[in-house]
Every structure is written in C-alpha cells, then in structure tokens.
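To start, the structure itself, in structure tokens.
Every read-out reported here was derived from the displayed coordinates using simple, explicitly stated rules and does not represent laboratory data. These numbers come from a predicted model, not from an experiment. Using ideal geometry, Cβ is built from the backbone for each residue, glycine included, and neighbour counts are taken over all protein chains shown.
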Amino acid sequence: MGGIIIICAIVVAAGVFYYSNNFNTSGESNNNILNTSNNNTTNTSTNQLPLSMSVNNQSSPSPSPGPGPSPGPTPPGPTPDPMDHTISLFDQYVKSTFSKASNAGLPGAAVVLIYKGKIVSINTLGVRDLESKLPVTPDTLFLLASVTKTFTATNVAQQVDKGLMRWNDTVKSYFNDPDEFYLYDPVAYDNLTIADCLKHTSGIPAAEGDMEAFWFNNSYSHMLHNLRFVQNTSTLGTTHQYNNVMYALGGYCAALANNKSWDQLIKTELLNPLGMNTATTNVYDFLNSPNHATHYFTYYNDIGSLITVPSYPPALDEIGPAGSMGASINQLVNWLKFQIDDNGMFNGIKIISKNVLDTTKTGYVYMDDNNDTMYGYGWYVDKTHISHAGTMPSSKTFVNFYPSTGIGLAILTNQDCWGEAFRYSVYKKFIDLLKGDQNTDPWPIYYVTYKPVYTPPPDNPTEPGDLTNYDGVYLNNFYGNITIKLEKSNLICYYGNNTLPYSLNHWNNTIFTIRSTGDVITFKNLTSGKYQQLITYMAPDYTVIPKNVTGTFNRTQ
C-alpha cells in the first residue's frame, strides 16, 4: 500500500496539466496512479497556404537524343534549398511513426510543417472516431488544451494595444469584490497583475485548482473563492509556477474590460480575423462540430486488460482562457504563419501592433536553474524557438516555431499515452534533423516511456465487508462532495459536480482504487454500520484555512 501511496503522491505532484522539460511546455495530463508511465486523402481548405511539395517531385525522363548539332552547355538550375532533404525525411518519419503509434492504439493525428510561408509537409493520419472510422482531415477539430494559452495572451495584448488594459493592471481592479476574489496573502492580493497571471508568477502553487476543474467540475467562481485559503509558495512575481486557474484570470479580465464574454471577445477580435471561423472556445461547441475528433483514454482495468475508452472532456470551460479551445491543423497553419511573420498582420489586415505582439513572445521568468528556457506571456521562449504544448488526459498537442528561419510545426492527437509518445517522437526527430542527425528513431524510447503499466492487486487481500457500509455523501469544504453509490453490487464514485461514474475496485481491506483516474480511496471510522470518513490521495492539500484539509472527506449523508 505504501508503494501505491508513493506513486499517488508522484502523480498528484505532477498535476493534471503538467510541465514537460522535453518540450519546455505545459499542458493538461491525467497520469494514472495505477496506470502510470514507465518514466518514474488529404482534403484541401480555403484556409490552407499554398502547398510546396517540390521535395517529392521527380524529374521527367530526358528525351532520346536526335540528329543535329550538339547543344551548348546546359545553364545551371536553381540551387536546392538545404531544407528540402530535411523536410522529405521528416515527412517520411511522421508517416512511419504514426503507423507504429496506430498499431499501439493511437486513433488519429495531424502534423504540419511550414517553411517560408508555405506548407511543406502536411499529414492527416488515422481516424477521428474509432466507431465511425471517419478519417482525420485538415479541417478536423482537436482540443488544444494549453495551446489555448497562446491565443489568450495575444488577445490580452490586443486590449493593451487598444489602450483598454495595461500589463501591470492589478487583477483586483477588474475582480474588485473581495467576496468573489481574494488571496490569502494580502500583499499578493493588492499587487497581483495581469502579467503575473500570464507568466505564472502569482506565487500560488503549481496546478492548484486543477483537481477542482478536471474531476470535481467545480465552477470558476468556486475555484476563485477558494484562493483565499491557499498560501503562496513563492513570492509574487519571482517564480514560474504553472497554474491554470490564475492564468484564466488574465483572459477573464480582458473580457471584463470589453464588457463581453471571453468566448465572444477572442472569436471576434482574434480567431475570425485569422480565418479560424470554425475554431471553438468551449466544449459544447466542440462536441457539436460536425468534424471533431473523439478523444480517447487508455488504461489497464482491474484484471490487467489494456482498454481504450472515449474520454469526455473535463470542465475546461470554467478555465476557458487556459485550455478550452478546439482547432484544426489547417487553422494552426494560419496561427503559425501569423506568429512567424511577426508584423501583426494577416492577409493584409492588422490584428495587432508588432511591438505589442512581441511582448507576448519575450521571456520574463526562467523555468529552472539551468537558465535555458524562459516563459513569456503564454509562450515558452528558448534561444532558437518558441513553443507551447497542450496536455490533457485524452489530448496531446504542440505548436513550435523558429522566428529566424520561418519554420513552424504543429502536432495534434486524440489519445493520451500513445499520443504523447507520438508527439514527443515527431518533435525530437525534427530537432535531430535540424542538427543534421538523420539516423535517429526516438519512437522506441518514448513508446516504452509512455506505455501504461499494470499494477496487480495484492495477493490474498482482506475482504471489504458489507458494501452498504460505504455508500453515502462525503464532504470536503475545499473540494466539495464525493458521492459513493452501491449500484448492482458495485461501488461507484461521483466527484463533486461531475456526473461521470467511476468504478471502485477493491484493493485491500477498506482501500479501493479507481483505475481510470489513478485514485486510491480509503474509508475509515466505521460507526453504526457506516464509514464516516473517506480519504482520496488524488486531492492534494493546498489550504491553510481550514488547517490540514488534505484529502479527507467527512460523511454528511
């Protein structure tokens, strides 16, 4: 059991939207505790840039020689671009690696590479839905998760450009009701700025609030109110601590400055002018789009079978500016081109002033002690490239561009573990090719790294006793309720406002596991035929008022 708890602690520390050193990016992830990683055709669109596939063209055979005078010397042809061979090898690698990932269980993906303003490689691979077998197309929408942050930052910059906002505006000047928004540290409350939210330097612990959003489906107002109970773990403005709830504040402040909803504002001012008319800003619109990818989650069930199930998106809408957008690979071409061109224009229309746009892509805070990567406003800024990943339990995405060379890369997938392995492999291969190393194959390493692991239950476990002792409602003042129901001789768990049922699998004595979330739940204090307490190891303790909340939930019904 100690081993289970240790694994749980590791997963919880990672957070649902986790920071990835390899990508120098962050996103949303559900690293299943008992299903953890080993790491303790193509349709065209009016939005698509002109295709340049010269690397795959073959010259026509030379005509047979005929009689007549000898021709003069042949004039030299155009000098080949050294990138042509790199692009060709990259295109081949994407196809071959997806074949391996598909065999492992990845349903679909889309990958695009742009160079000098043109698409030089685009691959829409596999299916967007396992049941219908409908193929992924260039216009298939995928959930972007934290790649949404890159759009939000630019949208806030638009408000700065218009003079409606300033980067150093305090959040409390927009959310000015202390009953709605307040911080435990009054100094941080008085001085927290829009910039602090967008570069993750609020001082609030990394990933705090993710459990509330992704499993309990709590409202944003609930999460915002709870911040008054959370102690800063770093001084305001000094340290990057990736936090989705705080990041969303920046986007919602921009909405308040315009007296519009965030969805309305970002659509009308940014997405539509970029030709991203079918991009979505909320889960409802995403799921009702006729060409969207079904997202999948893979885990080992209690008898050791690896299963893949459709995964309904978590409550992303509540933290919309931090992760609720959906977009297609064609639309990300427009986004990358706009960022690489770096003049604030798109198709001759001004979106934003160049100097204000550049502030979003400037590094402000180092990510770690190595001083290699910095975070700007919604972007990871390295010496040669700018990027961001999006990570949630059923979606792995990535955007990356090199300002000096005009290279842009985007990767979309619709599954968790194999999507992660594919995303890393394709990106790492591209890095190797740019360095001149043509012979590497990162896939075997990442396949092993992200392949789920089965943890068998203990031998000869103590039986749980009468299952009617467990059902009821258990309350935690910070997170809300966990409801346990006995349905057809099985215990089912419901987190907070989340209506999805999660099966409890008996582990030992009064300890149960939820394989699909990685949670471990222990029941304690049997009184009058009912357990009075439930402890979940997936809900970390960020609070100081009330003290020592941890993951304890007390029976109310």
Per 0.36 nm of contour for each residue apart, how much would the distance between residue 187 and residue 89 grow if the chain were fully extended, relative to their Cα-Cα spacing? 29.9 nm
Karplus-derived HN-Hα couplings along segment 185-197 (A = 6.51, B = -1.76, C = 1.60, θ = phi - 60°), whole Hz, x at Gly and Pro: 8, x, 5, 5, 4, 5, 10, 4, 10, 4, 4, 4, 5
Apply the Karplus curve 6.51 cos²θ - 1.76 cosθ + 1.60, θ = phi - 60°, to the phi angles in segment 168-179 and return the couplings in whole Hz, x for Gly and Pro. 9, 4, 7, 5, 5, 6, 9, 9, 9, 9, x, 6
Within a Cβ distance under 13 Å of residue 447, other residues only, what is the Lys/Arg minus Asp/Glu net charge? +2
XL table 383/429; 361/435; 485/530; 172/199; 451/485; Cα-Cα > 21 Å flagged, in table order, is 361/435; 451/485
Considering lysine pairs in segment 87-140 that are 8 or more places apart or on different chains, how many have Cα atoms under 26 Å apart? 4
Going by amide H atoms built from the backbone, whose H comes under 5 Å of the H on residue 519, apart from near neighbours? 33, 514
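Can you tally the net charge around residue 294? Count Lys and Arg as +1, Asp and Glu as -1, for every other residue whose Cβ sits under 12 Å from the Cβ of residue 294.
Working: positive: 128, 133; negative: 129, 131.
Net of charged neighbours comes to 0.
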Just the Cα atoms of segment 244-298, one point each, no solvent: what log10 I(q)/I(0) does Debye give at q = 0.20, 0.21, 0.22 Å⁻¹? -0.85, -0.90, -0.94
Name the residues whose placed amide hydrogens come within less than 5 Å of the amide hydrogen of residue 365, ignoring near sequence neighbours (fewer than 5 apart) on the same chain. 375
Would you mind counting up the charge near residue 232? Only other residues with Cβ under 11 Å from its Cβ, with Lys and Arg at +1 and Asp and Glu at -1. -2
What residues qualify as long-range amide H neighbours of residue 121, i.e. H under 5 Å apart, gap of 5 or more or another chain, H built at 1.01 Å from N? 113
How are the Cα pair distances of segment 211-260 distributed, in percent, across 10 Å bins from 0? 19, 49, 29, 2
With a ≥ b ≥ c the root eigenvalues of the C-alpha gyration tensor of segment 164-310, is it rounded (a/c under 1.5), prolate (a/b larger than b/c) or oblate? oblate
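Once the convex hull of the alpha carbons of segment 104-227 is built, what does its volume come to per residue, in cubic angstrom? Write out the running numbers ahead of the final one.
Numbers: hull volume 23.0 nm³, N = 124.
Expressed per residue, the convex hull around the Cα atoms of segment 104-227 is 185 Å³.
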